[in-house]
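**Q** Shown below is the structure under consideration.
Each value in this text was obtained by applying a stated rule to the coordinates, not by laboratory testing. Predicted model only: the values in this text are computed from it and were never measured. Here the Cβ positions follow ideal geometry from the backbone for every residue, glycine too, while neighbour counts run over all protein chains shown.
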Amino acid sequence: MKKKIIIASVLKPTDDVRMYEKFANSIAKCFPNEFEIHILGAQSNRQSPVKPSNEQEIQEFFFHPIAQFDRLSSKRFKYSKTFLINVFKINPSLLIINSPELLLAALLVKMKLKIPIIYDVRENYFFNILYQPTYKNYLRPFLATAVRSLEHLSRLWIDFYLLAERCYEKEFSFAKGKSEIIENKYKPLSLEFQVRSSEFKIPSLNFLYTGTISPTYGTINAIRFVKKIKIYFPESQLVIKGFCADKHYLKLLKTEAEDCGFINLEISEVPINHQEIIATFEKADIALLPYLPNKSTENCIPAKMYEYIAHSLPMVVQKNALWESICLPCKAALFIDFEEENIEKLVHDLAVYPFYSEGNKDFAFWESEEKKLIPIISKYINDEM
């Protein structure tokens, strides 16, 4: 009888790029026919996940879209009960969680099933809560401190920590001595993966913004940027494709784009399947990363940056020393201040900058992270508890 692995989240969809495309597919590839992999999370905008075309038909994946609520719904805090019912029913040999809300529930799993538990720390939740406008100002310090305290306490029952960013080694003392960095690098689902041409025709520029839509990520700045650059490149277009949980911000975004036929809003109120995002790269000339300076993001490398590099998609990115160190060796991006950009200079630079003319892009791919992940899975799935 096959052992079972659960990968679980609260807000991420069951076909989430890290849980499904990277973790689950890597485990299935490296341990063929050894495990059932169950993914617990939210429903995405697709009825069924996109399967990797370079693998045989995989029967080991089971998807459980049991988290059915809005990001700020009170139902979110009652999810642990549903989570536990499903975990005990599946009876796994290994549990991987990536949401701090599941830490206390994971303690109950540890006590009853006595299995290894891995906490995949995808974000600095303390910084996110404290510095992003998701919650009311007066709630942020309390919620941030509560989450960080729980993460520290979790060291008593969490066997291992996976850290999605290099900076987390310094930021998370609770993971010290039992952690590994597994970055969000790009994993194509097909052996037929094609690198697009990085050449584009001026003045017809197709700009692209993908991913999470929120004030922190500066989505409105992308619209304002394209409005300004149309003076020089009058045929410019902008596609915004992503997931927005903030209904107030979505309303502001629609107001900003009102009467702008050159802006195409492809925004979903549920998470969008990752392969739908990747498909937009083919028709794009330049990707925009107009992040607002924020302590919660300044030391993190956006996963979409790796994706754009892998596909040779030129970028215009908010100034940030860390991001420049990633992009400049392979000439992947131009860096500006989106709040105070010099459009005339940028117009000149876009015309002459030799995007992707040198450097190696291998660092952007998932293979290096898979090599670190698989020994960890092997160790804990075979541990005698």
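**Q** Counting pairs of alpha carbon atoms under 8 Å apart in space and at least six apart in sequence, what relative contact order in percent does the stretch 108-265 give?
**A** Details: 169 pairs, mean separation 27.2, N = 158.
Relative contact order, the stretch 108-265: 17 percent.
**Q** Which order do peptides 160-171, 249-260 fall in by mean Cβ count within 10 Å, highest first? Numbers along the way, then the final one.
**A** Values: 160-171: 18.0, 249-260: 13.8.
Highest to lowest by the protection proxy: 160-171, 249-260.
**Q** Given springs between every Cα pair under 10 Å in a Gaussian network model of the chain, which of HIS311, HIS64, HIS152 has the largest fluctuation?
**A** Highest fluctuation of the listed residues: HIS152.
**Q** Return P(r) of the chain (all Cα-Cα pairs; 20 Å bins starting at 0; whole %; ordered from short to long distances).
**A** Reading the bins upward from 0: 27, 58, 15, 0.
**Q** Dipole of the chain (Lys/Arg Cβ +1, Asp/Glu Cβ -1, origin at the Cα centre): which of TYR161, ALA310, PRO329 lies farthest to the positive side?
**A** Farthest along the dipole direction, towards plus: TYR161.
**Q** Count charges around LYS361 for me, please; just the other residues with Cβ under 13 Å from its Cβ, Lys/Arg as +1, Asp/Glu as -1. Working shown, then result.
**A** Numbers: positive: LYS185, ARG196, LYS331; negative: GLU307, GLU358, ASP362, GLU367.
Summing Lys/Arg as +1 and Asp/Glu as -1 gives -1.
**Q** Separate question: Mind checking the dipole of the stretch 206-364: about its Cα centre, +1 per Lys or Arg Cβ, -1 per Asp or Glu Cβ, Debye to the nearest 20? Display every interim value, and only then the final one.
**A** Values: 15 positive and 21 negative charges, 30 e Å.
About 140 debye.
**Q** Gain in length, ALA146 to LYS78, computed as 0.36 nm per residue apart minus the alpha-carbon separation, to one decimal in nm?
**A** Working: separation 68, 0.36 × 68 = 24.48 nm, distance 1.69 nm.
Value of the extension gain: 22.8 nm.
**Q** Pairs of Cα atoms under 8 Å, at least six residues apart: use those to get the relative contact order of the chain, whole percent. Walk me through the intermediate numbers first.
**A** Values: 645 pairs, mean separation 62.3, N = 385.
Relative CO of the chain lands at 16 percent.
**Q** What is the helix-to-structure angle for 367-381, meaning the angle in degrees between its Cα long axis and the longest Cα principal axis of the chain, kept from 0 to 90 and rounded to the nearest 10?
**A** So the inclination is approximately 10 degrees.
**Q** Name the aspartates and glutamates eligible as straight-distance cross-link partners of LYS29: C-alpha to C-alpha under 13 Å, and not fewer than 8 places from it in the same chain.
**A** Once the sequence-local aspartates and glutamates are set aside, what remains near LYS29 is GLU21, GLU55, GLU57, GLU60, GLU367, GLU370.
**Q** Roughly what % antiparallel, to the nearest 5, for the DSSP beta bridges in the stretch 206-364? Write out the running numbers ahead of the final one.
**A** Details: 0 of 22 bridges.
Just about 0 percent of them are antiparallel.
**Q** Between beta-carbons, use under 12 Å as the cut-off and find the net charge around GLU36, counting Lys and Arg +1, Asp and Glu -1. Don't skip to the answer; put the middle values down first.
**A** Values: positive: LYS2, LYS3, LYS4; negative: GLU34, GLU60.
It works out to a net charge of +1.
**Q** Say we join alpha carbon atoms closer than 10 Å with springs in a Gaussian network model of the chain; which of LYS12, LYS29, LYS345 then has the biggest fluctuation?
**A** Sorting by GNM fluctuation, first place goes to LYS345.
**Q** Round to the nearest 0.05 the FRET efficiency obtained for LYS254 and VAL347 when R0 = 35 Å and r is the Cβ-Cβ distance. Walk me through the numbers on the way to the answer.
**A** Values: r = 28 Å, r/R0 = 0.80.
My answer for the efficiency is 0.80.
**Q** As a check on your grasp of the helix formula, calculate [θ] at 222 nm for the chain: sum -39500 (n - 2.57) over DSSP H runs of n ≥ 4, divide by the residue count, round to the nearest 500.
**A** Values: 13 runs with 121 residues, N = 385.
Using -39500 (n - 2.57) per qualifying helix, the result is -9000 deg cm²/dmol.
**Q** Net charge near CYS167, counting Lys/Arg +1 and Asp/Glu -1 over other residues with Cβ under 12 Å of its Cβ?
**A** So the environment of CYS167 carries a net charge of -3.
**Q** Below 8 Å between Cα atoms, with a sequence gap of 6+, how large is the relative contact order for the stretch 206-364 in percent? Don't jump to the answer; show the numbers that get you there.
**A** Numbers: 233 pairs, mean separation 37.7, N = 159.
Normalised by residue count, the contact order of the stretch 206-364 is 24 percent.
**Q** Using only Cα atoms, find the angle between the long axis of helix 79-90 and the longest principal axis of the chain, and express it within 0 to 90 degrees, rounded to the nearest 10.
**A** 60
**Q** Hey, another quick one. I want to check a number: in the stretch 206-364, how many lysine pairs have alpha carbons closer than 17 Å, given a sequence separation of 8 or more or different chains?
**A** 16
**Q** State, to one decimal in nm, how far the label point of GLN275 lies from the label point of ILE85, with both points 7 Å from Cα in the Cβ direction.
**A** Result: 3.1 nm between the two label points.
**Q** OK, next. What dipole magnitude, in Debye to the nearest 20, does the chain give about its Cα centre under +1 on Lys/Arg Cβ and -1 on Asp/Glu Cβ?
**A** Details: 49 positive and 47 negative charges, 286 e Å.
The calculated dipole for the chain is roughly 1380 debye.
**Q** What order do you get for 105-116, 178-189 when each peptide is scored by the mean count of other beta carbon atoms within 10 Å, highest first?
**A** On the way: 105-116: 17.2, 178-189: 19.3.
Going by the mean number of other Cβ atoms within 10 Å, highest first, we get 178-189, 105-116.
**Q** I'd like to compare 125-132, 369-376: which one has the highest average count of other Cβ atoms within 10 Å, and what's the full order after that?
**A** Values: 125-132: 19.2, 369-376: 16.0.
Result, highest mean Cβ count within 10 Å first: 125-132, 369-376.
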